[in-house]
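The values are calculated or read from the model by the stated rules, or taken from the named source; none is laboratory data. Being a predicted model, the structure only gives us computed values, none of them experimental. Cβ placement follows ideal geometry from the backbone for every residue including glycine, while neighbour counts extend to all protein chains displayed.
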Amino acid sequence: MSLAPALGFNRVDGGLLGASASVGSARLLGRLEGRLQYALAAEAWQGGAEVVKRWSEPYAERTWELRARAERRTDPFDRDYYNAQFTQMSAFLAGGDRHDYLTRTGAEATLERRTPGWSVSAGLADHVERARTTRTEWTLFGSTPERVENAVAAEGRAREARFGARLALPRLPWTIEAQYWTSGRALASDFTYRRTRVALAGDIGLFDRVALVPQLEWGRLRGQALPQQAFPLGGIYNLRTYERNERVGSGRAVLRGDLLYAGDVLERLGIPHPAWMPLSFGVFGNAGAVWGVDRDTGGPAPTERDWPEAGDWKSEVGASALWRIGVPDPDLAMRVDYAVPVGPDDAREPRLVIAFQRALGMLRMR
């Protein structure tokens, strides 16, 4: 059995104070986890319970895993790229949070099969979704939040089926993954939509400690253009010369390419430094687009197009310095990126961005 504090912060809940507990083992009879928090600004309780059961094959990295939970929680609109720990810490210290939020109350269950080369998952969810408003504008050091307003979510009961698949291509340095969410009358849902996301990423060694990392992503929302199901553009995962989630649409396409030197630059130059601080560098070029955008609100809008037009694309180039932290993930690095916009776009300016990110950051099913 384990006990731990459960702390958090965002501008719709304010500070979150609470505790979490777990008992059991996922590999034996199963693990039961619980969490209870009180939102100081919203003056409301949230939390729930989750059961995790895992079946592993002896001496092999192959497993079945079942997760089922019921809870009331605050969720971001962005379903693809949200890191709770970094986002909440940034929001608390300096107001660096550009996400929008809603409340989901209900239950969900997911069954996943994982192997070294591939994984598949399927799940069902039944949630009541409610809009939220900003209740907290303060930060620990008195900074003004980067974003004060919170977008209004569509309200109703969302019953949803979810599917995912990931495949490391045999004998090739490429991995592809696909995710699909669907909701409609067949599930007695208040909403009707189909959300698809596909990503392809490669790790190609060129010569001594130099790697080319191309990544491609395509996403499409069909049916109702719900704000909480849309595809945002901007930030560390696609275009750094836009603010995080600055643009939103019913479709998103992104092409990214990093050329990375994976060795320790300081060691190569003979500069003394701690062994826990290996530094590397790289250059990158990115292009991204969203379409299906409402001209009046800037939010998502229904569209018949499955691909952006030429005028939708925005590009950038830049350079990176990377500190390979290795904790808690060996592939994790702190990146300092300087990005410069390319093309006729007066609204964008060069930006310096600091981020914690994996090299293959577009792969979400890990």
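Just one of Arg335, Arg348 is outside any loop (DSSP other than H, G, I, E, B) and at pLDDT 90 or above; which is it? Show your work before the answer.
Details: Arg348 fails: outside any loop (DSSP other than H, G, I, E, B).
That would be Arg335, the only listed residue that is outside any loop (DSSP other than H, G, I, E, B) and at pLDDT 90 or above.
Given (1) buried (at least 19 other Cβ atoms within 10 Å of the Cβ); (2) under 20 Å from the mean Cα position of the chain (by Cα), identify the lone condition not met by Ala122.
Looking at each condition in turn, Ala122 falls short on (1).
Condition first: of a type in the set (D, E, K, R) and part of a strand (DSSP E or B). Can you find one or more residues in the range 184-193 that meet it?
Residues of the range 184-193 of a type in the set (D, E, K, R): 185, 190.
Filter once more, keeping what is part of a strand (DSSP E or B): none.
Scanning the range 184-193, I find no residue that is of a type in the set (D, E, K, R) and part of a strand (DSSP E or B), so the answer is no.
Looking at the range 287-306, which of the residues that are within 21 Å of Gly343 (Cβ to Cβ) and hydrophobic (A, V, I, L, M, F, W, C) is surrounded by the most Cβ atoms within 10 Å (Cβ to Cβ)?
Val290
Residues to consider are Pro76, Pro58; find the one that is in contact with a helix residue (DSSP H, G or I) (Cβ under 9 Å, 6 or more places away or on another chain) and either more than 20 Å from Gly123 (Cβ to Cβ) or not charged (D, E, K, R) (or both).
Working: Pro58 fails: in contact with a helix residue (DSSP H, G or I) (Cβ under 9 Å, 6 or more places away or on another chain).
Only one candidate passes the filter, namely Pro76.
Residues to consider are Ala41, Ala70, Ala107, Ala4; find the one that is over 30 Å from Ser189 (Cα atoms), assigned to a strand (DSSP E or B) and out of contact with any helix residue (DSSP H, G or I) (no Cβ under 8 Å at 6 or more places or on another chain).
Of the residues listed, the single one that is over 30 Å from Ser189 (Cα atoms), assigned to a strand (DSSP E or B) and out of contact with any helix residue (DSSP H, G or I) (no Cβ under 8 Å at 6 or more places or on another chain) is Ala4.
Going by the structure shown, is Glu71 surrounded by 16 or more Cβ atoms within 10 Å (Cβ to Cβ), touching an Asp or Glu at 6+ places or on another chain (Cβ under 7 Å) and of a type in the set (Asp, Glu)? Outline the logic, then answer.
Working: surrounded by 16 or more Cβ atoms within 10 Å (Cβ to Cβ): yes; touching an Asp or Glu at 6+ places or on another chain (Cβ under 7 Å): no; of a type in the set (Asp, Glu): yes.
Taking the combined requirement at face value, the residue does not satisfy it.
Tell me yes or no: at least one residue of the range 176-189 is surrounded by 15 or more Cβ atoms within 10 Å (Cβ to Cβ), free of Cβ contacts under 8 Å to residues at least 24 places away in the same chain, among the hydrophobic types (A, V, I, L, M, F, W, C) and within 22 Å of Val213 (Cβ to Cβ).
Looking through the range 176-189, at least one residue is surrounded by 15 or more Cβ atoms within 10 Å (Cβ to Cβ), free of Cβ contacts under 8 Å to residues at least 24 places away in the same chain, among the hydrophobic types (A, V, I, L, M, F, W, C) and within 22 Å of Val213 (Cβ to Cβ).
Could you tell me which of the residues Arg171, Arg73, Arg69 is on the phi > 0 side of the Ramachandran plot and either of a type in the set (D, E, K, R) or touching a residue at least 60 places away in the same chain (Cβ under 8 Å) (or both)?
Numbers: Arg73 fails: on the phi > 0 side of the Ramachandran plot; Arg69 fails: on the phi > 0 side of the Ramachandran plot.
Arg171 is the lone residue from the list that is on the phi > 0 side of the Ramachandran plot and either of a type in the set (D, E, K, R) or touching a residue at least 60 places away in the same chain (Cβ under 8 Å) (or both).
State the number of residues belonging to the range 280-308 that are touching a Lys or Arg at 6+ places or on another chain (Cβ under 8 Å), of a type in the set (A, V, I, L, M) and more than 20 Å from Asp100 (Cβ to Cβ).
Adding up the residues that qualify gives 2.
Would you mind finding the one in Val248, Val265 that is under 30 Å from Arg159 (Cα atoms) and either among the acidic types (Asp, Glu) or in contact with a Pro (Cβ under 9 Å, 6 or more places away or on another chain) (or both)? I'd like the intermediate steps shown before the answer.
Details: Val265 fails: under 30 Å from Arg159 (Cα atoms).
Exactly one residue qualifies, and that residue is Val248.
Results for (1) out of contact with any strand residue (DSSP E or B) (no Cβ under 8 Å at 6 or more places or on another chain); (2) modelled with pLDDT of 95 or more, shown as yes or no for each residue.
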{"site": "Arg194", "(1), (2)": "no, yes"}
{"site": "Leu200", "(1), (2)": "no, yes"}
{"site": "Phe207", "(1), (2)": "yes, no"}
{"site": "Val213", "(1), (2)": "no, yes"}
{"site": "Arg220", "(1), (2)": "no, yes"}
{"site": "Leu226", "(1), (2)": "no, yes"}
{"site": "Ala230", "(1), (2)": "no, yes"}
{"site": "Leu233", "(1), (2)": "no, yes"}
{"site": "Asn245", "(1), (2)": "no, no"}
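Just to verify a result, which residue in the range 230-267, among those that are buried (at least 21 other Cβ atoms within 10 Å of the Cβ) and among the hydroxyl-bearing types (Ser, Thr, Tyr), is nearest to Pro300 (Cα to Cα)?
This residue is Ser250.
Looking at the range 1-56, which of its residues are at negative phi, charged (D, E, K, R) and free of Cβ contacts under 8 Å to residues at least 60 places away in the same chain?
Arg27, Arg31, Glu33, Arg35, Glu50, Lys53, Arg54
Return the residues of the range 117-139 that are among the hydroxyl-bearing types (Ser, Thr, Tyr) and either assigned to a loop (DSSP other than H, G, I, E, B) or in contact with a helix residue (DSSP H, G or I) (Cβ under 8 Å, 6 or more places away or on another chain) (or both); say none if nothing qualifies. Quick ask: steps written out before the conclusion?
Initially, the range 117-139 is screened for residues among the hydroxyl-bearing types (Ser, Thr, Tyr), giving 119, 121, 133-134, 136, 139.
Listed by number, the residues that qualify are Thr133, Thr134, Thr136, Thr139.
Quick check on this structure: which one of Val52, Val23 is among the hydrophobic types (A, V, I, L, M, F, W, C), loosely packed, with under 15 Cβ neighbours inside 10 Å and in a strand (DSSP E or B)? I'd like the intermediate steps shown before the answer.
Values: Val52 fails: loosely packed, with under 15 Cβ neighbours inside 10 Å.
Only one candidate passes the filter, namely Val23.
Restricting attention to the range 307-328, and to residues there that are loosely packed, with under 13 Cβ neighbours inside 10 Å and over 20 Å from Gly234 (Cα atoms), which single residue is modelled with the highest pLDDT? Talk me through it step by step, then tell me what you get.
Quick first cut of the range 307-328, residues loosely packed, with under 13 Cβ neighbours inside 10 Å only: 307, 309-311, 326-328.
The next check asks that each one be over 20 Å from Gly234 (Cα atoms); those that pass are 326-328.
Working: Gly326: 75, Val327: 72, Pro328: 70.
Filtering the range 307-328 for residues that are loosely packed, with under 13 Cβ neighbours inside 10 Å and over 20 Å from Gly234 (Cα atoms), the one modelled with the highest pLDDT comes out as Gly326.
From the list Arg157, Arg166, Arg147, which residue is in contact with a strand residue (DSSP E or B) (Cβ under 7 Å, 6 or more places away or on another chain), touching a residue at least 24 places away in the same chain (Cβ under 8 Å) and under 23 Å from Arg104 (Cα atoms)? Before you say what the answer is, go through the steps one by one.
Details: Arg166 fails: under 23 Å from Arg104 (Cα atoms); Arg147 fails: in contact with a strand residue (DSSP E or B) (Cβ under 7 Å, 6 or more places away or on another chain).
Result of the check over Arg157, Arg166, Arg147: Arg157.
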